[in-house]
Amino acid sequence: MDIEQKFLSFNLGAKDTAVISLEHITEVMQVSLAEICGVPQMPSSVLGIYNWRGEMLWLVDVEEMLGYSPLLYSANMLSKMMAIVVQIDGKSLGLLVRQLMDIESLDSQLIKPTSGELFSPEISSFLQGYFINPAEELIITLDAAAIVQSPMWAIHN
């Protein structure tokens, strides 16, 4: 019995692919960097606050959080980024990504556990694991709950 789960896939860094389960995604939207209000004394991966449906939404650079080079290096203030709004236990967080790819059905039983050889400890805490696709490429599976509940921004949420 295969347990198909729907995931939203997006680019990470220059060549990696990541997925996040659709069950935690509330919305996907374009965000203009000029509309993000920066907040001092936050980790550099936390870009700031965005007005989302009249509420404050924290926006996080997923690439920088996972140890890739920050999205802002390749952007200017007029750039639009894609934000994936994830919600866990009533808490929302916006994950900024370079480019959305597709909605994919993957068999959740095929998720392989993260291992120390593949991922650094900083990244591992945000991952559910990974898939190997038919082309033998690695697909990183993000853990929405671990990201939203990260102590990095818990004190501010």
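The values are calculated or read from the model by the stated rules, or taken from the named source; none is laboratory data. These numbers come from a predicted model, not from an experiment. Cβ sites come from the backbone with ideal geometry, for glycine too, and all protein chains shown count toward neighbours.
Within the group L106, L72, L100, which residue is at pLDDT 90 or above and under 17 Å from the mean Cα position of the chain (by Cα)? Steps first, answer last, please.
Values: L106 fails: under 17 Å from the mean Cα position of the chain (by Cα); L72 fails: at pLDDT 90 or above.
It is L100.
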Q | Count of residues meeting criterion [small (G, A, S) and either at positive phi or outside any strand (DSSP E or B) (or both)] in the stretch 4-21 | A | 2
Q: State whether one or more residues within the stretch 62-74 are outside any helix (DSSP H, G or I), crowded, with 19+ Cβ neighbours inside 10 Å and either in contact with a Ser or Thr (Cβ under 8 Å, 6 or more places away or on another chain) or among the β-branched types (V, I, T) (or both).
A: no
Q) Under 9 Å by Cβ, and 6 or more places apart or on different chains, what pairs join a residue from the stretch 115-126 that is closer than 15 Å to V62 by Cα with one that is acidic (D, E) and surrounded by 11 or more Cβ atoms within 10 Å (Cβ to Cβ)? A) S125/D143; F126/D143
Q | Hey, E122 surrounded by 13 or more Cβ atoms within 10 Å (Cβ to Cβ), out of contact with any helix residue (DSSP H, G or I) (no Cβ under 8 Å at 6 or more places or on another chain) and not aliphatic (A, V, I, L, M) or not | A | no
Q.
Of the conditions (1) farther than 12 Å from D16 by Cα; (2) in contact (Cβ under 8 Å) with a residue 12 or more places away in the chain, T141 satisfies every one except a single condition; which number is it?
A. (1)
Q: Exactly one condition in (1) under 30 Å from E136 (Cα atoms); (2) free of Cβ contacts under 8 Å to residues at least 40 places away in the same chain is not met by E63; state its number.
A: (2)
Q. Out of all the residues in the stretch 98-157, which are within 30 Å of P40 (Cβ to Cβ), of a type in the set (A, V, I, L, M, F, W, C) and in contact with a Gly (Cβ under 8 Å, 6 or more places away or on another chain)?
A. I123
Q: Among what's in the stretch 22-60 and is outside any loop (DSSP other than H, G, I, E, B) and of a type in the set (V, I, T), pick the residue that is nearest to M81 (Cα to Cα).
A: V31
Q) Applying the selection to the stretch 30-44, what residues are under 17 Å from S79 (Cα atoms) and either loosely packed, with under 15 Cβ neighbours inside 10 Å or of a type in the set (S, T, N, Q) (or both)? A) Q30, S32, A34, E35, C37, G38
